[in-house]
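See below for the structure under consideration.
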Amino acid sequence: MRSRMPLGDFLVAYLKRAGVRHIFGLPGDLVMGLFHRFGREHGLEIVTFSHEPAVGFAADGYARSTRRLGVVCVTYGVGGYNVVNPIAAAYAEQVPLLVVSGGPGEAEQKLAGVHHQAKEIEGQLRIFEEITCAARLLAHPERAAEEVHEVVRAIFAEHRPGYLEIHRDMVNAVIPVPKAIQDWDGRFPRPRSDPRKLAEAVAETGARIRSAKRPILIGGVELYREGAEGDFLRLAEKLRAPVVTTMLAKGVFPMDHPLHMGIHIGPFSPPPIQQRVRNADLVLAFGTQLTDMNLGASRPQVRRERAVWAVGQRVNVSFHQYTEVALREFVSRLARRPLPRFRDKVRYRDNLTRTPAKAGSASRLTVNDLLVEVNGFLASRDAYHVFAESGDMLFGGLELRVPRGGLYFAQGYYASMGFAVPAAMGAQIGTGVRPLVLCGDGAFQMTGPEISHAPQRGLSPVVVLVNNEGWGIFRPVSPRTDLLEIPPWPYADLAQAWGGVGFRAETRAQLRDALRAAHETHDFVLIECRVRPGDLSPITRRYIRESARKSRAAVGRGAGAARRG
């Protein structure tokens with residue numbers, strides 16, 4: 001960096017210093033100058049897809065898997081508005097992304113209307129203010145470098161997206177770069193704890209553990225975001241107590257570890273997990289967010305007086321609250337304390353029914369058996385990262401047990417369909433690890449064709465596509481199933497046409513053979529698994545049934561209130 005330099009050059013130098021190596025985007029006339037500035041720099045690679053939503057999801061998968069900043073570059077209006085949904089998802093799920101958008105120059109803004117403009121020129125900025133932690137229009141050269149630094153600092157502090165809008169006549173504007181930014185080392189300090197509060201929170205938690213007889217640990221997604229999963233693992237192994245994780249945090253604790261009991265999702269957890277959590281005299285819930293998905297759309301099963309709940313910068317020990325205590329420091333300090341060892345017998349639990357596969361059986365494949373076969377495949381292969389699409393596979397994916405070395409990703413809270421395929425490709429770009437994708441046919445028709453970009457980038461995702469001929473997750477509750485139908489695409493044939501390999505599987509044996517063949521090929525693979533239209537994963541059935549019951553009850557209460565009124 002120099003003391004004075006064009007804004008476009010400064011942004012390139014700044015992002016490279018922040019560790020950015022890939023820019024996910026699509027060109028457009030109002031961002032073309034900046035887009036080419038990124039593209040001509042050695043050390044920055046531009047990754048393009050066919051549509052902006054895939055760009056956003058790919059950057060999300062890249063950021064989740066690498067824990068680095070994901071960067072999205074789009075044009076103004078038609079590009080910016082197209083990427084709103086993926087950025088809203090990243091905000092809800094606390095993923096660090098930076099969106100850089102172009103815009104019309106000052107002379108163009110004086111016209112009656114600028115192409116790509118929806119309402120006021122500032123309309124896009126205002127929309128992104130709602131779905132980012134910091135948003136700036138870089139309109140003043142003397143402040144531009146500091147505003148970039150402020151937005152990126154906020155992204156790393158809050159683990160949420162930020163937004164920069166750079167109109168095209170500003171790209172070459174020469175800006176001053178303050179000395180502090182010139183000397184910046186590319187890192188941001190983590191929030192630190194108040195040492196007195198930290199010491200007291202750790203001491204009180206240690207005392208609670210020493211007086212406990214049947215503790216259990218619940219791992220949440222913030223452990224991964226804060227890089228505290230290693231200390232959490234050390235704490236669990238020191239205590240020898242059972243560990244469950246939440247829906248958002250599947251994989252934050254090694255899924256094949258002997259202390260891992262499974263996934264806790266409130267009343268939809270396997271009964272032994274529900275019982276173990278209810279019977280615990282101490283619940284150590286670290287990094288766990290209270291969302292409807294994590295709780296199974298019900299009230300917490302954890303009694304507050306028996307819990308230590310650490311999230312963000314706060315630790316609650318029963319009814320005592322400690323603020324300004326960073327999760328990472330709290331778990332690290334607790335893992336180093338002398339603590340008792342417990343002797344629970346831990347057995348992994350899920351919701352699957354396991355029946356032996358009969359040789360030569362022509363029985364039609366079920367979603368349950370599909371998940372059993374994928375589990376068997378993962379258990380006997382090198383590490384894969386697994387991406388689960390929203391819909392039935394969001395719940396079905398909870399039954400997968402990914403061996404150590406593989407990570408698991410899903411939008412467990414925002415749950416936008418169309419996430420998994422582009423996110424998996426973004427993750428493979430960032431990590432080099434081959435992804436396996438669980439995806440329904442409906443979601444695949446949204447963004448699945450982006451897999452056609454895989455060959456030119458040397459990407460090799462394995463997509464296990466569940467073809468139940470429509471929006472299957474809504475069939476149990478929709479009075480109009482004809483509205484849930486989608487066109488019957490020839491998925492396996494499309495994979496071949498796009499430069500990959502396609503298989504069809506209608507039995508367990510065919511799926512097992514297809515997975516084996518997929519592992520042995522270096523191309524991307526799509527396995528079309530045909531199941532009956534009404535078939536769903538075990539948790540999905542229960543979740544939909546309970547959601548429908550609550551909906552009917554709410555309607556009944558509303559009708560009763562109206563009559564009383």
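The values are calculated or read from the model by the stated rules, or taken from the named source; none is laboratory data. Since the structure is predicted, the reported quantities are computational estimates derived from the model, not experimental observations. So basically every Cβ, Gly included, is an ideal-geometry build from the backbone, and we count neighbours across all protein chains shown.
Structure notes:
- Test: residue in the range 159-168 that is of a type in the set (A, V, I, L, M), surrounded by 17 or more Cβ atoms within 10 Å (Cβ to Cβ) and in the same structural domain as GLU52 (by TED's automatic domain parsing): yes
- Of all residues in the range 149-201, those satisfying the criterion of being closer than 30 Å to HIS320 by Cβ and of a type in the set (Gly, Ala, Ser) are ALA157, SER193, ALA199, ALA201.
- The one condition in (1) touching a residue at least 12 places away in the same chain (Cβ under 8 Å); (2) closer than 30 Å to VAL78 by Cβ that LEU198 fails to fulfil: (2)
- In the range 493-504, the residues that are surrounded by 17 or more Cβ atoms within 10 Å (Cβ to Cβ) reach residues that are in a loop (DSSP other than H, G, I, E, B) with C-beta atoms within less than 6 angstrom, at least six apart or across chains, in these pairs: GLY500/ASP523; GLY500/PHE524; VAL501/THR521; VAL501/ASP523.
One line per residue, one yes/no per condition, for (1) assigned by TED's automatic domain parsing to the domain that holds LEU223; (2) charged (D, E, K, R); (3) within 24 Å of the chain's Cα centre (by Cα):
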site: GLU324; (1), (2), (3): yes, yes, no
site: LEU327; (1), (2), (3): yes, no, yes
site: ARG341; (1), (2), (3): no, yes, no
site: ASN351; (1), (2), (3): no, no, yes
site: SER380; (1), (2), (3): no, no, no
site: ALA383; (1), (2), (3): no, no, yes
site: GLY396; (1), (2), (3): no, no, yes
site: PRO403; (1), (2), (3): no, no, yes
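Each row is one residue, and each column tells you yes or no for (1) touching a helix residue (DSSP H, G or I) at 6+ places or on another chain (Cβ under 9 Å); (2) at pLDDT below 95; (3) polar (S, T, N, Q); (4) in a loop (DSSP other than H, G, I, E, B).
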site: THR447; (1), (2), (3), (4): yes, no, yes, no
site: LEU483; (1), (2), (3), (4): yes, yes, no, no
site: PRO487; (1), (2), (3), (4): yes, yes, no, yes
site: LEU515; (1), (2), (3), (4): yes, no, no, no
site: HIS519; (1), (2), (3), (4): yes, no, no, no
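- In the range 406-433, the residues that are outside any helix (DSSP H, G or I), out of contact with any strand residue (DSSP E or B) (no Cβ under 6 Å at 6 or more places or on another chain), modelled with pLDDT of 95 or more and farther than 17 Å from GLU450 by Cβ: GLY432
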